[in-house]
Amino acid sequence: MSKYLERAEKLRAIVEPHYNCAQSVLMSFSPDFNLSDQAAYNLAVHFGAGMKSGNVCGAVTGALMALGLAGKSDEKLVHQVLAKFKENHQGCLNCVDLLRQNKEAGGEKKAHCDACVYECVKLVEELL
């Protein structure tokens, strides 16, 4: 298991404070970019739950933030990340749609969100 995935799993296991999906992905990589946990937490605080409005999944936005910190700003790369995530989720990118699909399939919310975080951490790691 990679150090990034191990850190993501530890963050997702913490109950208080709660780390949303964006924070969990970003904070998995932040030590490599000299970004403190507090700064990463603050930066991604409003991006969980699809920017707190059901829009783009927080794990995806956290992944894009991590790639940005790594200096990866190529638009093709961003579209690659979005396409890969959508490919794995029946064309969905928005939190509200992902959660609806999960609920209809009988899935548990936390397990689903954890899986999205781990998926995005692995994707970022592959691209770095």
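The values are calculated or read from the model by the stated rules, or taken from the named source; none is laboratory data. No experiment lies behind these values; they were computed from the predicted model shown. Backbone-built Cβ (ideal geometry, glycine too); neighbour counts: all protein chains shown. The accessibility values were calculated without ligands, DNA or RNA, using every heavy atom of the protein model including side chains. Shrake-Rupley method; radii C 1.70, N 1.55, O 1.52, S 1.80 Å.
Helix-only mean residue ellipticity at 222 nm, the chain, DSSP H runs n ≥ 4 weighted -39,500 (n - 2.57), per residue, nearest 500. What is it? All intermediate terms of the calculation are to be shown ahead of the outcome.
Numbers: 7 runs with 83 residues, N = 128.
After summing the helix terms and dividing by the residues of the chain, the value is -20000 deg cm²/dmol.
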- Task: Ignoring everything but the protein chains, give the 1.4 Å probe accessible area of Y4 in square angstrom, nearest 10.
- Result: 30 Å²
- Query: Given the C-alpha centroids of the range 1-31 and the range 79-128, what is the distance between them in whole angstrom?
  - Reply: 16 Å
- Task: Order the following by accessible area, largest value first: M51, M1, M27, M65. Probe radius 1.4 Å; ligands, DNA and RNA are ignored.
- Result: M1, M51, M65, M27
- Message: From Cα pairs below 8 angstrom and at least 6 apart in sequence, can you work out the relative contact order of the chain, rounded to a whole percent?
- Response: 30 percent
- Message: Taking θ = phi - 60°, what integer Hz values does the Karplus form 6.51 cos²θ - 1.76 cosθ + 1.60 yield along the range 27-41, in sequence order, with x for Gly and Pro?
- Response: 5, 5, 10, 4, x, 6, 10, 6, 9, 5, 4, 5, 5, 5, 4
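How much net charge surrounds M1 when only other residues with a Cβ under 13 Å from its Cβ are counted (Lys, Arg +1; Asp, Glu -1)? Could you put the intermediate results ahead of the total?
Numbers: positive: K3, R7, K10, K122; negative: E6, E9, E125.
Local net charge: +1.
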- Query: Where q = 0.19, 0.21, 0.26 Å⁻¹, what log10 of I(q)/I(0) comes from the Debye formula for the range 74-128, counting one point per Cα?
  - Reply: -0.68, -0.80, -1.08
- Query: Counting only Cα, what are the radius of gyration and maximum Cα-Cα distance Dmax of the chain, in Å?
  - Reply: 13.4, 41
- Query: Relative to the present Cα-Cα distance, how much length would full extension add between S53 and L77 at 0.36 nm per residue of separation?
  - Reply: 6.1 nm
